[in-house]
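Asker: Pasting a structure here, questions to come.
The values are calculated or read from the model by the stated rules, or taken from the named source; none is laboratory data. Fair warning: this is a prediction, and the values are worked out from it, not measured in the lab. Neighbour counts run over all protein chains shown; Cβ positions are idealised from the backbone, glycine included. We work out accessible area using only protein heavy atoms, side chains counted, and drop any ligands, DNA or RNA first. Shrake-Rupley method; radii C 1.70, N 1.55, O 1.52, S 1.80 Å.
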Amino acid sequence: VKAKVTSITSKNGKVYLEWKKVANSSGYKIYMSTSENGNYERIRTFSDNVTSYSKSLEKGKTYYFKMRAFKTVNGEDVFGAYSDVVKITIK
């Protein structure tokens, strides 16, 4: 199942991401890049009960985010599709 970022906002040098729970997932991995087609770095992993994230970033710069849900099966993470990329300029 494809995860979806439902909200992305910026205030006071922070980005705020929100998403809806994905049924039967074990958690979520959040990825960030400074360019849409650049290298995305995993910046955080969350358990399935978390549906929001905030991070302090450099004001005036634009960042790109994507995420995906995963389910742990026999000790291995099985990934869903990446969400659509969302971008924001930090205010």
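Asker: Yes or no: the stretch 4-22 includes at least one residue that is within 16 Å of Val85 (Cα to Cα), among the hydroxyl-bearing types (Ser, Thr, Tyr) and free of Cβ contacts under 8 Å to residues at least 24 places away in the same chain.
Answerer: Among the residues of the stretch 4-22, at least one is within 16 Å of Val85 (Cα to Cα), among the hydroxyl-bearing types (Ser, Thr, Tyr) and free of Cβ contacts under 8 Å to residues at least 24 places away in the same chain, which makes the answer yes.
Asker: Among the residues of the stretch 1-50, which ones are assigned to a strand (DSSP E or B) and open to solvent by 50 Å² or more (accessible area, probe 1.4 Å)?
Answerer: So the first thing to find is which residues in the stretch 1-50 are assigned to a strand (DSSP E or B), and the list is 5-11, 14-19, 27-33, 41-47.
Of everything in the stretch 1-50, those that are assigned to a strand (DSSP E or B) and open to solvent by 50 Å² or more (accessible area, probe 1.4 Å) turn out to be Thr6, Thr9, Lys11, Lys14, Tyr16, Glu18, Glu41, Arg42, Arg44, Thr45, Ser47.
Asker: Would you mind finding the one in Val50, Val78, Val86, Val73 that is at pLDDT 95 or above and touching a Phe, Trp or Tyr at 6+ places or on another chain (Cβ under 6 Å)?
Answerer: Testing whether each residue is at pLDDT 95 or above and touching a Phe, Trp or Tyr at 6+ places or on another chain (Cβ under 6 Å) leaves just Val86.
Asker: If you scan the stretch 51-82, which residues turn out to be in a loop (DSSP other than H, G, I, E, B), closer than 20 Å to Lys20 by Cβ and either open to solvent by 80 Å² or more (accessible area, probe 1.4 Å) or polar (S, T, N, Q) (or both)?
Answerer: Listed by number, the residues that qualify are Thr51, Tyr82.
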